[in-house]
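Asker: Below is one structure. I have some questions about it.
The values are calculated or read from the model by the stated rules, or taken from the named source; none is laboratory data. This one's a predicted model, so the numbers in the text were calculated from it and none came from an experiment. Positions of Cβ are generated from backbone atoms using ideal geometry, with glycine treated the same way; all protein chains shown enter the neighbour counts. Accessible surface areas use protein heavy atoms only, side chains included; no ligands, DNA or RNA. Shrake-Rupley method; radii C 1.70, N 1.55, O 1.52, S 1.80 Å.
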Amino acid sequence: MGHWLHRNIVEPGKLPLFLALASFVVTFVVTRVIVRLIRAGKGPFGNVKAGDLHIHHVVPGVVLTVIGGFGAVAGSRYGFWPCVSAVVFGVGTGLVLDEFALILHLDDVYWTEDGRKSVEVVVITAALLGLMLSGFSPLGVNDVSDQEAQDRASAIVTIVLNFLFVLLALSKGKARTAVFGVIVPFIALVGAVRLAKPASPWARRFYRRRPRARARSRLRAYRHDRRWAVRARRVQEWIGGKPDPAPDRSLPDRR
């Protein structure tokens, strides 16, 4: 394991990327655990406030991201400080993307349905970083045999081809299939060849003059949501926590 790590991660200069990914994932997990404890009123943790102002963790996240980003740009891929900058950048990015929905909506939607976007963005980011890390290019690795160079080239071609399937799946509105396709090769092929979701960019572009395709797309989306929506929601709630119930807008406003 040590030899593999040195040859494929340290020697090609990918150690900062590895540390950034690890610190990013750990920061997101720890942050979610802490905010769920705060929400439940358990543990020694509490919201950070300056007077009556609630300081969201995206604020220190932005500061750490800036420090780590400029530190990484100023350094090289080797040595102690680039690794430190990568860890700082990973921690900052984890804090920022955990509140991605807040930045997108410019509102505190952390515990609402819109807040689920933060979890999805974090999963996609971690998957893409893992893809970059697993792209074991022969460049930067010494003493690569012809057979190993051919194997690495085949792996790179496979990754590029799989990435095209991921893009197709995204254009068809199959975000979750695309995310899992980044992690496990060719899962995105399923989303790439199947019918697009009704509201996806692919459907709007290619199904406009195909009423039968639009009808099949709506029917398949209905059946899929009926079968998998509850299970997908449970997984999201397990990762990011259960959102607050939406207010009943059918009741009259008595203010």
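Asker: Accessible area per residue for the range 195-241 in Å², computed with a 1.4 Å probe and the full protein assembly in place, what is it? Could you put the intermediate results ahead of the total?
Answerer: On the way: 4010 Å² over 47 residues.
Ligands and nucleic acids excluded, the figure is 85 Å² per residue.
Asker: Work out how far the C-alpha atoms of the range 195-241 reach from end to end along every principal axis, then list the three figures in whole Å, largest first.
Answerer: Ordered largest first, the range 195-241 gives principal extents of 41, 19, 10 Å.
Asker: Give, in nm to one decimal, the length gained when the segment between Leu167 and Leu106 is fully stretched (0.36 nm per residue of separation minus the Cα-Cα distance). Don't skip to the answer; put the middle values down first.
Answerer: Numbers: separation 61, 0.36 × 61 = 21.96 nm, distance 2.78 nm.
So the extension gain works out to 19.2 nm.
Asker: By per-residue mean of other Cβ atoms within 10 Å, what is the highest-first order of 122-128, 79-85?
Answerer: On the way: 122-128: 19.3, 79-85: 15.6.
Top to bottom by mean Cβ count within 10 Å: 122-128, 79-85.
Asker: Take the Cα of Glu237, step 7 Å along the line toward its Cβ, and report every residue of the range 37-74 whose backbone nitrogen sits under 20 Å from that point.
Answerer: Zone members listed by number: 37-42.
Asker: Which percent of the accessible heavy-atom area of the range 195-241 goes to carbon and sulfur, probe 1.4 angstrom?
Answerer: Details: 2140 of 4010 Å².
Roughly 53 percent, rounded to a whole number.
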